[in-house]
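The values are calculated or read from the model by the stated rules, or taken from the named source; none is laboratory data. Quantities reported herein were computed from a predicted structural model and do not represent experimental measurements. With ideal geometry, Cβ positions are generated from the backbone for all residues, glycine too; neighbour counts draw on all protein chains shown.
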Amino acid sequence: MSGEATSLVDLPSPILLDIFSRLPPTTLLYVKSVCKTFQELTLESEFSNLLHSTSPAGIIINQFVDTTEDNTLKFLKFVDNTEDQGTCSYCHDPNVDLDLQLYFPVSPFELVRSVHGFVCFNYFLDYVDTIYILNPRTREYILLPEAEGSREWPNDVTYGFGFNPVTFEYKVVRIYQEEIFDDDTSYYKSEGQVYTIGKGHWRSAGHVMFSFMPYGVNLYVKIHWLVYDANGNELICSFNLENELFESFPTAPVYTEERYRNLRSLGVFGRSLCVCDNYADTHFEVWVMKDYGVSSSWVKEIVINISPECNNWLGNEMIYLLKVLEDGEVLFLWRDWRDDFLFLHHPVKNISEKLDVCGGNILACIHVSSSFSLKSFEAEVVNIF
């Protein structure tokens with residue numbers, strides 16, 4: 001046996017990564033500062049892959065019924081099943097649903113994003129919007145303090161939720177949009193507000209002259225939104241979670257004729273930004289930005305024809321891209337604000353199929369279950385539901 005001393009640094013990388021995956025985020029921040037080896041192992045590329053491999057990536061559904069008699073919110077989890085001759089299917093087990101009406105206000109929540117098992121929800125009532133962060137697996141949640149800026153019409157609010165792997169911080173970004181009237185015209189002045197989980201307060205991140213569309217998407221340590229400038233031109237605006245700066249760049253090509261803003265959505269296609277465009281009456285298309293931030297790199301990746309004989313249920317409503325599967329199929333959410341549904345499309349076979357797993361009024365995003373405890377953030381008051 002060798003007489004040389006060994007240390008944690010001498011362990012193989014896979015073992016170290018497995019150890020790191022079991023630590024809370026605040027502890028990982030200190031681990032990262034020990035040495036260069038640990039720093040490299042905890043960078044986003046490897047660490048994120050590890051997080052996503054410990055639990056299957058499924059879909060978390062925010063479903064609610066809004067009537068005078070009933071108003072409920074449930075989590076519905078769907079898990080990929082690849083055991084059936086290599087094909088992927090989605091199934092729903094009602095036994096794991098969480099009926100949050102038992103624990104939270106009756107009015108419906110709005111799903112913002114799921115990151116590393118933490119789910120961000122926005123609850124809106126009487127011009128006041130409230131943010132919850134919860135972990136469905138540990139049944140823990142925290143309530144963020146109220147931010148400045150009333151949501152009273154015509155002002156509006158949209159959110160983003162992301163993770164900074166450099167500092168191991170989870171951040172909620174609130175975009176408070178105030179409509180400014182100037183003679184016969186109006187435009188939006190938007191302020192970025194940031195809440196770092198564990199810090200206990202909101203901070204201003206500056207202003208941008210954009211009107212933001214809902215549902216920011218995460219890519220490259222940034223949150224991205226479709227936005228419109230004072231002249232009504234569509235752009236993509238990003239917020240860097242590390243330096244907390246805004247940046248804008250050109251969106252995907254758009255039709256020259258008059259279009260409706262609510263028929264284009266932003267998503268992530270693999271490791272690239274994409275824009276889903278359902279403006280045309282004859283087809284639905286997905287544009288992919290092959291080189292990040294380069295306007296000339298937009299490519300029309302998917303075209304789904306719409307006709308009375310084929311896919312006639314796709315027209316004239318908003319469509320969101322949720323996930324690109326390993327076999328090339330793409331999972332979408334179709335929304336008409338009354339009876340929403342998920343559907344799969346296979347670009348090579350040019351086949352689209354509705355999924356009979358959930359209906360009604362729903363929002364959805366990718367969710368990876370995690371046992372990370374919110375109690376790791378010492379400045380937060382953690383509740384159990």
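Test Val166 against the stated conditions and say whether it is among the aliphatic types (A, V, I, L, M) and at pLDDT below 90.
Yes: the conditions hold for Val166.
Checking Glu317, Glu326 one by one, the residue that is touching a Lys or Arg at 6+ places or on another chain (Cβ under 8 Å), under 20 Å from Cys274 (Cα atoms) and in the same structural domain as Phe121 (by TED's automatic domain parsing) is Glu317 and no other.
Filter the range 124-136 for residues that are in contact with a strand residue (DSSP E or B) (Cβ under 9 Å, 6 or more places away or on another chain) and surrounded by fewer than 18 Cβ atoms within 10 Å (Cβ to Cβ) and give the result.
Just the residues of the range 124-136 that are in contact with a strand residue (DSSP E or B) (Cβ under 9 Å, 6 or more places away or on another chain), to begin with: 124, 129-136.
Passing the criteria: Phe124, Thr130.
Mind counting the residues in the range 106-150 that are under 21 Å from Ile366 (Cβ atoms) and assigned to a strand (DSSP E or B)? Counting residues in the range 106-150 that are under 21 Å from Ile366 (Cβ atoms) and assigned to a strand (DSSP E or B) gives 19. Quick check on this structure: which one of Asp336, Asp277, Asp281 is acidic (Asp, Glu) and touching a Lys or Arg at 6+ places or on another chain (Cβ under 6 Å)? Asp277 is the lone residue from the list that is acidic (Asp, Glu) and touching a Lys or Arg at 6+ places or on another chain (Cβ under 6 Å).
Candidates Met209, Met213: the one that is more than 30 Å from Ser371 (Cβ to Cβ), in contact with a helix residue (DSSP H, G or I) (Cβ under 9 Å, 6 or more places away or on another chain) and assigned by TED's automatic domain parsing to the domain that holds Glu247 is Met213. Does the range 349-368 include one or more residues that are of a type in the set (A, V, I, L, M, F, W, C) and more than 25 Å from Gly270 (Cα to Cα)? No, the conditions are met nowhere in the range 349-368.
Quick check on the range 261-280. Is at least one of its residues among the aliphatic types (A, V, I, L, M), surrounded by fewer than 13 Cβ atoms within 10 Å (Cβ to Cβ) and over 21 Å from Arg113 (Cα atoms)?
Step one: of the range 261-280, the residues among the aliphatic types (A, V, I, L, M) are 263, 266, 268, 273, 275, 280.
This time we only want the ones that are surrounded by fewer than 13 Cβ atoms within 10 Å (Cβ to Cβ), so: none.
No, there is no match, as no residue in the range 261-280 is among the aliphatic types (A, V, I, L, M), surrounded by fewer than 13 Cβ atoms within 10 Å (Cβ to Cβ) and over 21 Å from Arg113 (Cα atoms).
Table: residues versus (1) among the aromatic types (Phe, Trp, Tyr); (2) surrounded by fewer than 20 Cβ atoms within 10 Å (Cβ to Cβ); (3) within 20 Å of Val112 (Cα to Cα).
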| position | (1), (2), (3) |
| --- | --- |
| Glu146 | no, yes, yes |
| Arg151 | no, yes, yes |
| Tyr159 | yes, no, yes |
| Asn164 | no, yes, yes |
| Thr167 | no, yes, no |
| Tyr170 | yes, no, yes |
| Ile180 | no, yes, no |
| Lys189 | no, yes, no |
| Ser204 | no, yes, yes |
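What do you reckon, is Arg139 surrounded by fewer than 16 Cβ atoms within 10 Å (Cβ to Cβ) and under 30 Å from Gln101 (Cβ atoms)?
Numbers: surrounded by fewer than 16 Cβ atoms within 10 Å (Cβ to Cβ): yes; under 30 Å from Gln101 (Cβ atoms): yes.
Answer is yes for this residue.
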